[in-house]
Amino acid sequence: MSVLTYIESSNGKIKKNSFELASYSCELAKLLNTDVVALTINSEDVNELSNYGITKIIKVNNDSLNKFKASTFADVISKAVNHTNSNYIVLSSSLDSKYLAPLLAAGINAAYVNNVIGLPSSLAPFTIKRTAFTNKAFSDSSINSDKTIIGLSSNSFGLIENSVQSEIEELNVEVQNSDLTVNSSEKVSGQISIADADIVVSAGRGMKGPENWNLIEDLAGTLGAATACSKPVSDMGWRPHSEHVGQTGKPVATNLYIAIGISGAIQHLAGINSSKIKVVINNDPEAPFFKAADYGVVGDAFDVVPRLNEKLKEFKAQNS
Amino acid sequence: MKILVCISHVPDTTSKINFTDGDTKFDTQGVQFVINPNDEFGLTRAMWLKEKQGASIDVINVGNSSSEPTLRKALAIGADKAIRIDADPLDGYFVAKQISEYVKTSSYDLIIAGRESIDYNGAMVPGLIAGFLKINYVTNCTKLEIDNEKVELDREIDGGKETLSCTLPLIIGGQKGLVEESDLRIPNMRGIMQARQKPLEVLEAFDCSSNTKTIKFYKPEPKQAVKLVSADNLDELINLLHNEAKVL
């Protein structure tokens, strides 16, 4: 038995969230007293994984795997699971991994637990902590299955650097096909996606109109942050749906979440609660968001945000 | 076209979350239950398919009798028949098994579920059903168009969207975008009256066990009070984020 983690790539490059997955999987393998194996699909350079304790890497490279297809990728992972005789499979919380996870679970007859935020608190029975009720609560779940798939919440574990020698094995797999075809994919180019961002700058109705979003974009640009918005803002069409964060929108689990002109409805808070540090800028000192925030500034966004941006630019210039 | 919409019976988004029985069960006292929002977008999309192209809509829930008002609401919105599998929904695996076993006895062209329920957030029921029944599956689905056997879909991806096509049968995990919030329907009096006459079948559960169990729920530690920084002293905010929170 081993712990297998599936490391995602984008255009042949390992995704940033992979190092947290690698760190977690290594620690899990230590607890279970077993080996850790990383699986990459169409990744060119995998060497960086050896900085995070990965002693074995299985590379699957195949031109028919250039486009992500959940059922095909789940099938490739299941072959790697069989090949390595793995009982624990660790996946990221990216939309692609969450898409393929239940297909993999059905394929290898495994239990699947997502939103996992830590190492198991007990091995017999295998018990693990997760978020539930859209981040309004936690649960300890015990698992009764030979095989378990763990979906790790992003930014919940952190990085553990551990430089090791990695053995690399190339695995040839037969790629299964389905009649489901991916025709095209569009990514908003030049911008950081909410899922990949360390910092998210989010704004609400307090911005008064879409024409004022340059203030938000400028601040996000200075911080290297992704931009997001509240539900009313996306409902009114000020910003695209893909930026809507909250219970029915995207979940956000980032290191720093800056909310500008967002009152903090319970549905919004549920979506962003897993973020580590929350900063609120709002001119209404009674806004419910202040109760959920770590740091707050009571003030007019149109005054505070540009000044904060200038000060951050100075800070960045001094600290880079 | 025969459509099955999977309905999860969940606490309203504004509910206070509390637990009972030594923190092992969700406390339903005083809680308003609703159709899971992600499922409701799908149900509305199914209604459009029914009205534009002709389709029958069945709705299914795995739950005890307390979920019947939620199924009646789905009937009042316009579904033709409701099925309740009489069992406590132990976990996502259990629910997916129950629905898969039911689907085997009654074939559907299209199954619509939500991308996740807003209570346990398992995000696995439609994917497991797809895996058990070996049918096409698209989750985070934000667009669904069906022309005869040909299906065109959009899926949200991290940082964008992709377009897909496939054939039926198909199961999707729906979300906002499939229809908009403003498209959701509030049952009218006529719908509510008709819903009383529509069939609500209660079926015995298929014999299977769950593979996970919740041992204990807990609520987050009460948060420390917010640290307020004066709008005239933004250097202090940067200082706190850099030196105290260490996020800059």
Test result for B:Lys213, closer than 30 Å to A:Ser193 by Cβ, basic (Lys, Arg) and surrounded by 13 or more Cβ atoms within 10 Å (Cβ to Cβ) = no
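Give the number of residues within the range B:12-71 that are more than 14 Å from chain A (Cβ to nearest Cβ) and within 22 Å of B:Val125 (Cβ to Cβ).
Residues that pass the stated criteria total 22.
Given the structure, is A:Val201 modelled with pLDDT of 95 or more and in contact with a helix residue (DSSP H, G or I) (Cβ under 6 Å, 6 or more places away or on another chain)? Steps first, answer last, please.
Details: modelled with pLDDT of 95 or more: yes; in contact with a helix residue (DSSP H, G or I) (Cβ under 6 Å, 6 or more places away or on another chain): yes.
Against the criterion (modelled with pLDDT of 95 or more and in contact with a helix residue (DSSP H, G or I) (Cβ under 6 Å, 6 or more places away or on another chain)), A:Val201 qualifies.
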Search result, residues across the range A:293-320 that are surrounded by fewer than 22 Cβ atoms within 10 Å (Cβ to Cβ), among the small types (Gly, Ala, Ser) and touching a strand residue (DSSP E or B) at 6+ places or on another chain (Cβ under 7 Å) | A:Gly299
Run down A:Ala253, A:Ala220, A:Ala228, A:Ala287 and say which single residue is touching a residue at least 12 places away in the same chain (Cβ under 8 Å), in a strand (DSSP E or B) and outside the structural domain of A:Thr72 (by TED's automatic domain parsing).
-> A:Ala228
So, of the residues in the range A:103-121 that are within 25 Å of A:Ile272 (Cβ to Cβ) and surrounded by 22 or more Cβ atoms within 10 Å (Cβ to Cβ), which turns out to be farthest from the other protein chains (Cβ to nearest Cβ)?
-> A:Val116
Hey, among the residues in the range A:256-284 that are within 15 Å of the chain's Cα centre (by Cα) and part of a loop (DSSP other than H, G, I, E, B), which one's surrounded by the most Cβ atoms within 10 Å (Cβ to Cβ)?
-> A:Ser275
When the residues of the range B:79-96 are filtered to those that are away from chain A (no Cβ under 14 Å) and surrounded by fewer than 20 Cβ atoms within 10 Å (Cβ to Cβ), which remaining residue is farthest from A:Ile143 (Cα to Cα)?
-> B:Asp80
How many residues of the range A:292-312 are within 30 Å of B:Asn36 (Cβ to Cβ) and either modelled with pLDDT of 95 or more or more than 7 Å from every other protein chain (Cβ to nearest Cβ) (or both)? The answer is 1
Quick one: count up the residues across the range B:138-161 that are at the interface with chain A (Cβ under 7 Å from one of its Cβ atoms) and either under 18 Å from B:Leu43 (Cβ atoms) or in contact with a Phe, Trp or Tyr (Cβ under 9 Å, 6 or more places away or on another chain) (or both).
-> 3
The range A:290-320, residues that are under 23 Å from A:Gly246 (Cα atoms) and either assigned to a helix (DSSP H, G or I) or under 29 Å from the mean Cα position of the chain (by Cα) (or both) | A:Phe290, A:Lys291, A:Ala292, A:Ala293, A:Asp294, A:Tyr295, A:Gly296, A:Val297, A:Ala301, A:Val305
Within the range B:27-41, which residues are touching a residue at least 12 places away in the same chain (Cβ under 8 Å), surrounded by 14 or more Cβ atoms within 10 Å (Cβ to Cβ) and under 23 Å from B:Leu90 (Cβ atoms)?
-> B:Val31, B:Phe33, B:Val34, B:Ile35, B:Asn36, B:Pro37, B:Asn38, B:Asp39
Provide a single number: the residues in the range A:181-217 that are away from every other protein chain (no Cβ under 12 Å), surrounded by fewer than 17 Cβ atoms within 10 Å (Cβ to Cβ) and part of a loop (DSSP other than H, G, I, E, B).
-> 2
Among the residues of the range B:121-143, which ones are touching an Asp or Glu at 6+ places or on another chain (Cβ under 8 Å) and either surrounded by fewer than 24 Cβ atoms within 10 Å (Cβ to Cβ) or farther than 18 Å from B:Ile157 by Cα (or both)?
-> B:Gly122, B:Asn136, B:Thr142, B:Lys143
Go through the residues of the range B:105-125 one by one and say whether even a single one is within 12 Å of chain A (Cβ to nearest Cβ) and over 16 Å from the mean Cα position of the chain (by Cα).
-> no
Only listed residue being on the phi < 0 side of the Ramachandran plot, touching a residue at least 24 places away in the same chain (Cβ under 8 Å) and either surrounded by 19 or more Cβ atoms within 10 Å (Cβ to Cβ) or away from chain B (no Cβ under 11 Å) (or both), chosen from A:Ser154, A:Ser178 | A:Ser154
So which strands (runs of 3 or more DSSP E) are wholly in the range B:188-248 and hold at least 2 residues that are facing chain A (nearest Cβ under 8 Å)?
-> B:212-218, B:227-229
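Right, A:Phe315: more than 28 Å from B:Ser182 (Cα to Cα) and facing chain B (nearest Cβ under 10 Å) or not?
On the way: more than 28 Å from B:Ser182 (Cα to Cα): yes; facing chain B (nearest Cβ under 10 Å): yes.
Taking the combined requirement at face value, the residue satisfies it.
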Given the conditions (1) of a type outside the set (Val, Ile, Thr); (2) at positive phi; (3) out of contact with any Gly (no Cβ under 7 Å at 6 or more places or on another chain), report the number of the one that A:Asp146 does not fulfil.
-> (2)
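The values are calculated or read from the model by the stated rules, or taken from the named source; none is laboratory data. On a predicted model such as this, the values are computed, not experimentally measured, just so you know. Every residue, glycine among them, receives a Cβ derived from its backbone with ideal geometry; neighbour counts consider all protein chains shown.
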